[in-house]
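Visitor: Below: one structure in structure tokens.
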Amino acid sequence: MESETSERVKPGRRFDSAFSFSFAIGMGLLLFIAGLVISLTLGEGAIGLIFGIPLLIAGLVLPLIMMRDMFTQNEVKGECPYCATQIKTSDATIRLRCHSCGKEVAVRDMKLLPVEEVTTS
Ligand SMILES: [Zn+2]
């Protein structure tokens, strides 16, 4: 009704999930291939392994870390900025209605903020 049109999710806090999914896979693949190439081309000495193996490991671990970060929803706990009632939600929530005072509360940066403050800034 009132300020619903000004509601916009700020970009940059989190990648678009489809994009970051392929980005994580791509990065991992790139590192893995780079590590493979290095350890094969410089494979005679220990140098190839010293540079190659960390890259191989990074290529495997990095997508896992990025994806874990993507799928875990952080729990946001805090007080309602209007009536100080304890509210528990997840950071995937953009805004919610306080069950105690019925006012709208915005969730941003792991904090519960009054909606007016968020939309005007
Ligand atoms: Zn409240």
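The values are calculated or read from the model by the stated rules, or taken from the named source; none is laboratory data. Just so it is clear, the structure is predicted and the values come from calculations on it, not from any experiment. Please note: Cβ atoms are built from the backbone with ideal geometry, for glycine as well, and neighbour counts cover all protein chains shown.
Visitor: Are any residues in segment 86-99 more than 8 Å from the ligand (Cβ to nearest atom) and in a strand (DSSP E or B), and if so, which ones? It would help to see each step written out before you state the result.
Guide: Our first condition is that a residue be more than 8 Å from the ligand (Cβ to nearest atom); within segment 86-99, this holds for 86, 88-97.
Answer for segment 86-99, where residues must be more than 8 Å from the ligand (Cβ to nearest atom) and in a strand (DSSP E or B): Gln86, Lys88, Thr89, Ser90, Arg95, Leu96, Arg97.
Visitor: Right, another one. List the pairs whose first member sits in segment 85-113 and is in contact (Cβ under 8 Å) with a residue 40 or more places away in the chain and within 16 Å of Glu75 (Cα to Cα), whose second member is aliphatic (A, V, I, L, M) and part of a strand (DSSP E or B), and whose Cβ atoms are under 9 Å apart, counting only residues at least 6 apart or on separate chains?
Guide: Every condition considered, the pairs that remain are Ile94/Ala106; Ile94/Val107; Arg95/Val105; Arg95/Ala106; Arg95/Val107.
Visitor: Let me ask you something else. Go through segment 32-85 and give me each residue that's exposed (fewer than 13 other Cβ atoms within 10 Å of the Cβ), part of a helix (DSSP H, G or I) and hydroxyl-bearing (Ser, Thr, Tyr).
Guide: Thr41
Visitor: Do we have any residue at all in segment 46-56 that's modelled with pLDDT under 70 and out of contact with any helix residue (DSSP H, G or I) (no Cβ under 9 Å at 6 or more places or on another chain)? Steps first, answer last, please.
Guide: Taking segment 46-56 first, the residues modelled with pLDDT under 70 are none.
No - not one qualifying residue is present in segment 46-56.
Visitor: On to the next question. How many residues are more than 8 Å from the ligand (Cβ to nearest atom) and either in the same structural domain as Ile25 (by TED's automatic domain parsing) or touching a Phe, Trp or Tyr at 6+ places or on another chain (Cβ under 7 Å) (or both) if we restrict to segment 100-114? Can you show your working first?
Guide: Keep residues of segment 100-114 that are more than 8 Å from the ligand (Cβ to nearest atom), which gives 104, 106-114.
Right, trim to either in the same structural domain as Ile25 (by TED's automatic domain parsing) or touching a Phe, Trp or Tyr at 6+ places or on another chain (Cβ under 7 Å) (or both) and you get 114.
Qualifying residue count, segment 100-114: 1.
Visitor: Looking only at residues in segment 15-44 that are out of contact with any helix residue (DSSP H, G or I) (no Cβ under 8 Å at 6 or more places or on another chain) and under 22 Å from Phe71 (Cα atoms), which one is modelled with the highest pLDDT?
Guide: Gly26
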